[in-house]
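Have a look at the structure below, then the notes.
The values are calculated or read from the model by the stated rules, or taken from the named source; none is laboratory data. Since the structure is predicted, the reported quantities are computational estimates derived from the model, not experimental observations. Please note: Cβ atoms are built from the backbone with ideal geometry, for glycine as well, and neighbour counts cover all protein chains shown.
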Amino acid sequence: MNLPLSPSRRSNIAPFMAMDVLRDAKALERAGRSIIHLELGEPGVAAPLRVREAAIQSLGQGAIGYGEALGEAALRARIARHYGERYDVEVAPDRVIVATGSSGGFLIAFLAAFDPGARIAVAAPGYPAYANILSALGLEPILLDVGEETRFAPTAAMLAAAHREKKLHGALFMSPANPTGAMIGREELARICAFCEEAGIVLVSDEIYHGLEYEMRAETALRFSHRALVINSFSKYYAMTGWRLGWLVAPPELIRPLERLQQSLAICAPTLSQRAALAAFDAGDELEANRAAYARNRAFLLDRLPRLGLDKFAPPDGAFYIYADVSRFTDDSVAFCRRMLHETGVATTPGLDFDPRRGGKTLRISYAGPEADMREGVARLEAWLRV
Ligand SMILES: Cc1ncc(COP(=O)(O)O)c(C=O)c1O
């Protein structure tokens, strides 16, 4: 008998629509269409030159073998030093774990911190992979709707209200946020950390967009809590998405469980990437030039989008996204983005990817690409939205 395999229930997670949009955009490109990519959540530039040179040098030295599960000692120490330099917060190198992107970091962090069935608060709109990873692991994402009232950021009061309704085991927040760019202010972050400690909630703080701030400086949860699990990555500020390298800073009691999980789930993060990433911390000039380019793109879009009728968006404090209200044009963002892609060649991501309840009326525009693409994208949309 040749019965079809039935996929597991846990694999029945939502698709990551930004990736689906990318697939369609690439197919159109292969067919000869000119596509402006405003859907990509990644820098349009290469990794810093120093990083690439370090990688070449490392390749010249021979084998790229397995490394220690927790990461190369030199990189762990360099990351720890970064906390002193950037935030003036002391972090011991043995609390740092290098992971396969922050994505690999989430996997081991959730497994180490939560038992099956645990309820974890996440903000909506939010990064879609959060709920998808949590669900695949048998954990329950609890969506906290954020909006204008709190500048699109979750608050300690929202967390407390959700916890009163039914006990939470964890909270997974990011600042600056994807897709909104909104940041959690310093005082509010302190309140969130204090509430989590008091209520015995494990706070996972995704700090992947740190370094990409335009209005206020991002603060690390480590300043306010030693129980928080902080996750960061070389993907965004350091422009190293494909190098698949991220890190965690965890409380000492979770280090050995995280190490055991990493040993079996990944063995170790990519060795070549780890050796090259050491140089990323000395590439400040190049990285700041990247940030300045995003800042110019952001200023251009903030000026021009309102003239297209896209005049309502979340506060774009950081990251490289604008999350715009398109309710005057549609309440079906998926169809709207698809039509925009096919008719204008401008790729954006439907809000439904980030907010299953309200995302039909929003879309995300990424300004991580070249300035010329922002101009061309706006010109095409100007013509299209006018008709
Ligand atoms: C908020 C957030 N966290 C994590 C990630 C995953 O990044 P990586 O696995 O490349 O570190 C992304 C990617 O877009 C993101 O937006």
Legend entry - Where residue 84 falls short, out of the listed (1) touching a helix residue (DSSP H, G or I) at 6+ places or on another chain (Cβ under 8 Å); (2) more than 19 Å from residue 239 (Cα to Cα); (3) outside any loop (DSSP other than H, G, I, E, B); (4) away from the ligand (no atom under 16 Å from the Cβ): (1)
Legend entry - Candidate set: the range 190-206, residues that are within 16 Å of the ligand (Cβ to nearest atom) and not acidic (Asp, Glu); chosen: the one surrounded by the fewest Cβ atoms within 10 Å (Cβ to Cβ): 203
Inset, instruction - Check 301, 287 and return the single one that is more than 30 Å from residue 82 (Cα to Cα) and crowded, with 17+ Cβ neighbours inside 10 Å. - result: 301
Inset, instruction - Keeping to the range 221-255, report how many residues are out of contact with any strand residue (DSSP E or B) (no Cβ under 6 Å at 6 or more places or on another chain) and within 15 Å of the ligand (Cβ to nearest atom). - result: 12
Inset, instruction - Filter the range 154-167 for residues that are buried (at least 23 other Cβ atoms within 10 Å of the Cβ) and in contact with a helix residue (DSSP H, G or I) (Cβ under 7 Å, 6 or more places away or on another chain) and give the result. - result: 159
Legend entry - Members of the range 112-135 that are away from the ligand (no atom under 15 Å from the Cβ) and either surrounded by fewer than 18 Cβ atoms within 10 Å (Cβ to Cβ) or farther than 17 Å from residue 229 by Cβ (or both): 115, 116, 117, 135
Legend entry - Per-region count, the range 1-25, residues at pLDDT 90 or above and among the aliphatic types (A, V, I, L, M): 1
Inset, instruction - Examine the range 16-25 for a residue that is surrounded by 15 or more Cβ atoms within 10 Å (Cβ to Cβ) and under 30 Å from residue 257 (Cβ atoms), and state whether such a residue exists. - result: yes
Inset, instruction - Select from the range 101-126 the residues that are among the small types (Gly, Ala, Ser) and either over 23 Å from residue 42 (Cβ atoms) or part of a helix (DSSP H, G or I) (or both) and list them in ascending order. - result: 101, 102, 103, 104, 105, 109, 112, 113, 117, 118, 121
Inset, instruction - Consider only pairs whose beta carbons are under 8 Å apart and that are at least six residues apart or on different chains; among these, list those whose first residue lies in the range 225-244 and is in the same structural domain as residue 103 (by TED's automatic domain parsing) and among the hydroxyl-bearing types (Ser, Thr, Tyr) and whose second residue is near the ligand (Cβ under 9 Å from one of its atoms) and at pLDDT below 95. - result: 235/42; 241/42
Legend entry - Index of the failed condition, residue 187 passing every other in (1) touching a residue at least 24 places away in the same chain (Cβ under 8 Å); (2) in a helix (DSSP H, G or I); (3) surrounded by fewer than 24 Cβ atoms within 10 Å (Cβ to Cβ): (1)
